[in-house]
Structure formats: C-alpha cells, structure tokens
Amino acid sequence: MKKLNIGLYGLGVVGQGLYTVLQNSKTVDADILSICVKQEKPRAVGADLITRDQEKIINDSNINVVVELIDNAEDAYHIVKNALLNGKDVVSGNKTMIAAHLEELIEIQKETGKSLLYDASACGSIPIIRNLEEYYDNDLLLSITGILNGSSNYILTKIFRDGQDYHAALKEAQELGFAESNPAFDVDGNDSLYKLVILTVHAFGLIVAPDDIFRFGISKISAFDVQFAKEKGLRIKLVGKVLKTENNSVALFVAPQFVDKTKYIYNVEDEYNGVVIKGAYYDKQFMFGKGAGAFPTGSAVLSDITALSHNYKYEYKKLKYYKKPSFSNELSLKIYLRYHRDEDLKHFCFEEITEQYNGNGSHYVVGKIKLSNLVAIKDLLGELPVFLGILESAY
C-alpha cells in the first residue's frame with residue numbers, strides 16, 4: 001500500500017465530509033497536504049492547509065493524488081486534466097464534467113498511466129461503478145434502472161406519502177439542504193442524466209453525448225397527475241434507465257416513471273437512491289443507499305482514495321469488446337401524457353392510443369410512442385404545459 005499525499009479542491013459539504021471521514025479512517029495511509037478554496041473565510045481546518053492558488057496543488061511534486069470536489073464543471077475539467085498530465089492520480093465527484101469529457105479523460109489515463117476514479121459521481125454511497133467494472137464485467141447485462149437523484153426523490157416522497165403539493169415539497173427539500181436554491185439541475189433530470197451517461201460506459205462500453213438522450217423532469221407534475229397514479233395504485237419516481245434493445249443496440253432515457261408495488265424502487269423514499277441491475281441469467285439485483293450528503297458521498301470518495309493506495313484503475317473492459325453495442329433511440333414506450341391544449345398533443349406522434357380522457361382543463365392520453373419522437377421534441381417540451389411519464393408495462 002503506497003502513501004498518499006492529497007491535494008483537495010473544494011471544502012464544501014462533500015469536501016468537509018471527506019476531511020472528517022479521512023481523519024477517522026484506519027484503512028489508508030493518506031494525508032491532506034493542501035486544500036484549494038474559492039473564498040477566504042473561517043474554516044474548521046488549519047489555515048496552513050488553505051490556498052486560493054489553483055495551480056499550486058497541480059504543480060506540487062509532493063502531492064501524488066488530487067481530489068476534485070467542486071461545483072464548476074469547467075474548472076473541474078481543467079483541474080482533472082492537468083493533474084493527470086502532471087503525473088497525479090485523481091478522484092473526482094463532478095458528474096457533469098465527467099459525462100462531458102469522459103472519452104478524452106480515458107485516453108489521457110492510457111497515455112499517462114495514471115488513474116481517475118469517480119465512484120462518488122454516481123449515486124453517492126452506492127458503489128455502483130466499481131461493481132459494474134468488476135462483477136458485471138461481461139455481456140450478460142440487460143438493463144440498469146435507477147433512482148439516481150436524492151433531491152427529486154425526496155420531493156416525490158413528500159407528494160405521495162405526505163400529500164404535499166410540488167411547491168411545498170420543493171421548499172422543504174431546499175430548507176433541509178437536499179435541493180439547491182435553483183433546483184433545476186435536480187428536478188429537470190440533468191443530474192440523473194449525467195450519472196446515467198457515466199453508468200452506461202461501465203455497463204455497456206458505450207459513450208453517449210448527453211444532448212442525444214431524452215430527458216424530462218418532475219417540475220411540471222400536478223395534482224391531476226398524482227391522482228391518476230394513486231387511482232391505479234402507482235407512485236411516480238424520476239428514473240434513469242439504460243437497456244439493451246434489438247440488434248445489439250442500447251437505449252437511454254431519464255423521465256418520470258409510474259411504478260407499482262412489485263418493483264424494488266417503489267419503496268425507495270426520501271433522499272435515498274436505488275439501482276436495479278438486470279441480467280440475462282441472474283435476473284435482478286438491487287442496490288440501495290443514500291445518494292447525497294456530506295458523509296455518504298465523503299465515504300465514497302474515501303473508498304476511491306483507498307483504492308488508489310492499492311494502485312487500482314478502471315479497466316473499461318467493455319470498451320474493448322470486439323462487438324460493442326450501438327446507441328439507438330428506436331424504442332417504443334408506453335407513456336402517460338397530460339396536456340391542456342389540443343395543439344400541444346399534435347407534437348406527439350403516437351403509434352397507438354389505448355386510453356384517453358378529456359376533462360375540464362386537463363386531458364390525458366395513454367399510448368405507445370417511439371423514443372426517437374420524444375428526443376426530436378425534447379427541447380420543445382420545456383416550453384409546453386404538459387407532463388409525461390413512462391408506464392412500466394412498456395418494457
């Protein structure tokens with residue numbers, strides 16, 4: 001086990017959590033030599049550790065591991081790339097940056113022989129990436145279905161379990177620190193999308209641009225939609241899914257999903273995440289845990305740091321398959337669509353409609369539609385007064 005001298009970027013919620021758990025860990029010989037922060041203010045660490053010079057850590061020859069835990073994706077990219085090029089191993093939790101630059105970062109790891117680990121970027125304390133790398137390192141995997149964002153799940157829990165409306169649930173999530181003052185990144189599905197892109201690389205050996213994937217969030221959910229779900233004994237969860245389809249293809253999407261009591265994620269509540277892995281011969285396996293917070297995510301970062309002390313690297317085995325799958329949006333889904341104006345319905349090219357309701361103000365249809373159609377109108381959907389959800393019987 002090698003000695004690790006750490007340069008840490010960011011001392012926010014996760015950075016402080018890592019600092020605390022590292023002080024109490026007996027499993028790794030590691031010390032934080034320097035911490036780069038944006039602002040000078042009183043902190044619960046020694047002042048001699050603090051710097052505001054971003055290049056100091058990257059250029060310090062005594063530091064052999066860089067841990068990047070900042071919010072800004074552009075700055076994170078600069079830090080991670082240059083740390084690898086300067087011969088340092090790196091741990092990162094920035095899913096936005098990783099999803100956007102993973103292909104390049106994989107190549108830099110090959111060139112330098114250094115390691116970039118990022119289990120903390122997806123699902124907090126759930127060790128999903130390492131499991132996909134080591135246990136599910138074959139082509140038997142069929143799908144991954146997950147509640148990947150704790151903030152949205154907390155809001156939906158308050159709506160379905162406690163009878164709150166969306167705005168009251170969102171406010172409570174913000175007050176408790178589960179949601180940001182600007183919650184769009186979480187509730188509109190971006191956070192789940194970037195995590196899904198990362199999981200897909202390790203699950204199927206496929207790198208997909210985030211802009212090519214259908215994403216729809218929960219910010220437009222109404223009492224009408226909740227009532228529809230409750231009348232059918234369902235709950236709504238914001239779900240990210242990647243699955244094998246026909247002709248060795250893989251499809252991805254992030255969207256609200258109507259879930260019944262027989263499904264594992266039905267009972268994943270509050271700020272927790274849950275991931276269901278389905279295989280050709282081992283059926284379904286379920287992983288559950290806190291997806292956010294100082295100590296759960298800090299513990300995931302510590303796990304990556306410990307792995308580096310044993311010279312661990314992601315092997316990206318599935319990127320090396322002789323017959324890798326292709327990306328496709330040619331998948332039929334059964335969806336619920338609530339709308340108010342007939343002209344809005346015209347944007348959706350349903351293959352068939354199996355249920356339709358016209359009420360005073362709100363209408364809905366249930367029917368089969370191509371994922372490619374939803375991708376084609378995904379930018380327009382943000383402007384339309386509609387809500388849609390995937391019905392689980394679609395697949």
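Table for the structure above
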{"read-out": "Where a residue in segment 324-351 is among the aromatic types (F, W, Y) and its partner, wherever it lies, is surrounded by 12 or more Cβ atoms within 10 Å (Cβ to Cβ) and part of a loop (DSSP other than H, G, I, E, B), with Cβ under 7 Å and at least six apart", "value": "F327/L206; F327/V208; Y339/V386"}
{"read-out": "Residue that is surrounded by the most Cβ atoms within 10 Å (Cβ to Cβ) [pool: residues in segment 132-160 that are in contact with a helix residue (DSSP H, G or I) (Cβ under 6 Å, 6 or more places away or on another chain), touching a residue at least 60 places away in the same chain (Cβ under 8 Å) and in a helix (DSSP H, G or I)]", "value": "I155"}
{"read-out": "Pick from segment 84-97, criterion out of contact with any Lys or Arg (no Cβ under 8 Å at 6 or more places or on another chain) and aliphatic (A, V, I, L, M), ranking: surrounded by the most Cβ atoms within 10 Å (Cβ to Cβ)", "value": "V91"}
{"read-out": "Any chance F216 is in contact with a helix residue (DSSP H, G or I) (Cβ under 9 Å, 6 or more places away or on another chain) and aromatic (F, W, Y)", "value": "yes"}
{"read-out": "Any hit, segment 38-56, residues being in contact with a strand residue (DSSP E or B) (Cβ under 9 Å, 6 or more places away or on another chain), buried (at least 23 other Cβ atoms within 10 Å of the Cβ), in contact (Cβ under 8 Å) with a residue 12 or more places away in the chain and not acidic (D, E)", "value": "no"}
{"read-out": "Single unsatisfied condition, K261 versus (1) surrounded by 16 or more Cβ atoms within 10 Å (Cβ to Cβ); (2) closer than 20 Å to T157 by Cβ", "value": "(1)"}
{"read-out": "Residue, surrounded by the most Cβ atoms within 10 Å (Cβ to Cβ), within segment 282-328, restricted to residues that are among the basic types (K, R), outside any helix (DSSP H, G or I) and at pLDDT below 90", "value": "K290"}
{"read-out": "Counted residues, segment 227-241 - those being touching a Lys or Arg at 6+ places or on another chain (Cβ under 9 Å) and surrounded by fewer than 23 Cβ atoms within 10 Å (Cβ to Cβ)", "value": "4"}
{"read-out": "Leading residue by the ranking (surrounded by the most Cβ atoms within 10 Å (Cβ to Cβ)) among those in segment 57-74 that are charged (D, E, K, R) and touching a residue at least 24 places away in the same chain (Cβ under 8 Å)", "value": "E68"}
{"read-out": "Qualifying residues in segment 98-128 (those that are aliphatic (A, V, I, L, M) and closer than 14 Å to G240 by Cβ) - the one surrounded by the most Cβ atoms within 10 Å (Cβ to Cβ)", "value": "A122"}
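The values are calculated or read from the model by the stated rules, or taken from the named source; none is laboratory data. Not measured: the values here are computed from a predicted model. Glycine also receives a Cβ, built like all others from the backbone with ideal geometry; neighbour counts cover every protein chain displayed.
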